[in-house]
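Have a look at the structure below before the remarks.
The values are calculated or read from the model by the stated rules, or taken from the named source; none is laboratory data. Because the structure is a prediction, the values reported are computed rather than measured. Glycine gets a Cβ as well: all are built from the backbone with ideal geometry, and neighbour counts include every protein chain shown.
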Amino acid sequence: MSPVSETHLAHRLNLRLNVEPSEIGGIRHTVIQHIGSWECAAIADDVILVVSELLANVHEHAEGVCELEIEHQDEGLVVKVSDTFMTPPTLGHRHGSAETGRGLLLVDALTDHWETTITGTGKVITCTFGTPGRGISP
């Protein structure tokens with residue numbers, strides 16, 4: 001993985017990325033290490049799947065340039081992916097034989113809440129994951 005820049009704080013990981021499909025595995029590895037250090041193993045698989053899907057979308061729709069921020073809070077994790085593509089993603093229903101288009105259904109199923117905010121330079125997708133027994137309010 002070759003992040004443009006990387007910041008590690010006690011409870012926050014911030015990566016500026018040029019996403020290539022071959023590097024998503026390395027990014028996942030970095031995220032797993034941080035989630036483990038924050039003792040959030042119970043939600044790690046869900047977080048990794050959502051991060052992978054959002055980064056694949058960045059590669060496909062936003063020329064691969066994004067910022068990934070993951071913050072550990074008392075109630076769980078907040079994941080933000082910012083890119084320069086101003087069109088918000090839409091949650092749709094795909095035909096069972098479709099080969100693509102199910103990613104946001106996965107995001108919707110695995111997060112406590114997710115939303116898109118359009119900014120002056122693109123958009124931010126924010127996803128919340130509560131730890132078992134706790135939840136993060138939208």
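Quick look at the numbers
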| item | result |
| --- | --- |
| Test for VAL58: is it closer than 24 Å to GLY120 by Cβ, out of contact with any Phe, Trp or Tyr (no Cβ under 6 Å at 6 or more places or on another chain) and at pLDDT below 85 | no |
| Some residue of region 79-97 being under 22 Å from LEU15 (Cα atoms), under 16 Å from the mean Cα position of the chain (by Cα), at pLDDT below 90 and surrounded by 13 or more Cβ atoms within 10 Å (Cβ to Cβ) | yes |
| Answer residue from region 16-60, given it is touching a residue at least 60 places away in the same chain (Cβ under 8 Å) and under 12 Å from the mean Cα position of the chain (by Cα) and is farthest from PHE85 (Cα to Cα) among those | ASP46 |
| Tally of residues being surrounded by 17 or more Cβ atoms within 10 Å (Cβ to Cβ) and either modelled with pLDDT of 90 or more or not in a loop (DSSP other than H, G, I, E, B) (or both) across region 1-37 | 12 |
